[in-house]
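First the structure, in the form of structure tokens, and then the observations on it.
All of the numbers you see were taken from the coordinates with simple rules; none came from a lab. Computed from a prediction, not measured in an experiment: that's the story for all the values here. All Cβ positions, glycine included, derive from the backbone under ideal geometry; neighbour counts span all protein chains shown.
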Ligand SMILES: [Zn+2]
């Protein structure tokens with residue numbers, strides 16, 4: 001791993017994968033299975049930590065990251081199960 005002035009040089013593997021540096025992942029809160037948004041700008045790739053959204057209603061607030069749902073949807077599911 002070589003550090004360059006503009007970043008860290010990483011190798012792309014045979015399947016096109018690049019490992020994100022651990023300290024970057026830590027800073028952005030990217031745990032296992034976290035989603036990122038990848039976009040292109042000319043010859044530059046941007047990788048952005050995706051905002052956590054509720055899998056049920058797509059809200060972005062009060063998300064329980066274990067369940068991937070907001071608190072109000074969790075309540076609804078609890079009620080449904082009764
Ligand atoms: Zn929800």
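What's the angle, to the nearest 10 degrees (0 to 90), between helix 71-80's Cα axis and the longest principal axis of the chain?
40 degrees
Hey, what D do you get for the chain in µm²/s if you plug the Kirkwood alpha-carbon radius into Stokes-Einstein at 10 °C and 1.306 mPa s?
Working: Rh = 15.5 Å.
Stokes-Einstein gives a translational diffusion coefficient of 103 µm²/s.
Would you compute, from DSSP H runs of 4+ residues alone, the mean residue ellipticity of the chain at 222 nm, taking -39500 (n - 2.57) per run and dividing by the full residue count, rounded to the nearest 500?
On the way: 2 runs with 17 residues, N = 82.
After summing the helix terms and dividing by residue count, I get -5500 deg cm²/dmol.
Who wins for biggest fluctuation among 49, 14, 34 in a Gaussian network model of the chain, springs between alpha carbons below 10 Å?
It is 14.
To the nearest 0.05, what FRET efficiency results for residue 39 and residue 15 with a Förster distance of 22 Å applied to their C-beta separation? All intermediate terms of the calculation are to be shown ahead of the outcome.
Numbers: r = 20 Å, r/R0 = 0.92.
Calculated transfer efficiency: 0.60.
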